[in-house]
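One structure is given here, and the rest of the page talks about it.
Nothing in this text is a laboratory measurement; each read-out follows from the coordinates by a stated rule. As the structure is a prediction and not an experimental result, all values here were calculated from the model. Using ideal geometry, Cβ is built from the backbone for each residue, glycine included, and neighbour counts are taken over all protein chains shown.
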């Protein structure tokens, strides 16, 4: 590693961080990577990393061990949850009524289910966003999950959203969209991230998105937009990006 380049890059990162924010791309070529790839560094690669504190409640979509809510109601050891359900601790199922008067729903299951055994990427539970009945709305969405959490607006620190999507080989391609709003009633998100798994991809993919909060509360919605029988979701995290990952740095993000 070229030490002169390292020192120069840190200075550039600090100046750009204070001027533009932590996810700004630096239009400079570099002889090595500080955590990213390609011709441009992101400041998050050279200075800021997630602090390890998940701002979401129950990001791994687990059951409540002290007051179990998981009770399979269809065959295969899974639980069908229609939109409006708050059965999964911390989460609300969102969706619409489709043709025929049927509600959209998701499927919640543990690793011992018969359809996708050991499907969780974190903990024991995960969800299938296509649900048991694969009810897609007229505008192309399946049901989804939603949570509102506390944020600090207008800081130069960014937040990082990450989540895992999963698919079985014969059910590709899939596509998932994560939407970020100030509150659940906002018609349009101010940030979004679309992820997909196609034929040549591994069956599990971690998707990430940097965003700045605009209010003291932020609503995250994750829905499937393309799928064929199974679109898995697990390990949903929202973390603050802080210098070198120091938890609660200056208490600016929590």
- Task: Determine Rg/Rh for region 85-240; Rg is computed over alpha-carbon atoms and Rh is the Kirkwood hydrodynamic estimate from the same atoms.
- Result: 0.96
- Query: Taking a ≥ b ≥ c as the square roots of the eigenvalues of the Cα gyration tensor of region 120-179, is the shape rounded (a/c under 1.5), prolate (a/b larger than b/c) or oblate?
  - Reply: prolate
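Run the numbers for residue 217 and residue 204: contour at 0.36 nm per residue of separation, minus the present Cα-Cα distance, in nm. Please list the in-between numbers first.
Values: separation 13, 0.36 × 13 = 4.68 nm, distance 2.98 nm.
Computed gain between residue 217 and residue 204 is 1.7 nm.
Subtract the Cα-Cα distance of residue 87 and residue 64 from 0.36 nm times their separation in residues, and report this length gain in nm to one decimal. Provide the component values of the computation, followed by the final result.
Working: separation 23, 0.36 × 23 = 8.28 nm, distance 0.97 nm.
The residue 87-residue 64 span can extend by a further 7.3 nm.
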- Sites residue 122 and residue 99 - FRET efficiency at Förster radius 25 Å, r taken between beta-carbons, to 0.05: 0.10
- Item | Estimated inter-spin distance, residue 149 and residue 190, nm [label 7 Å along Cα→Cβ] | 1.8 nm
- Message: At 7 Å along Cα-to-Cβ for each site, give me the label-to-label distance between residue 75 and residue 137 in nm.
- Response: 3.1 nm
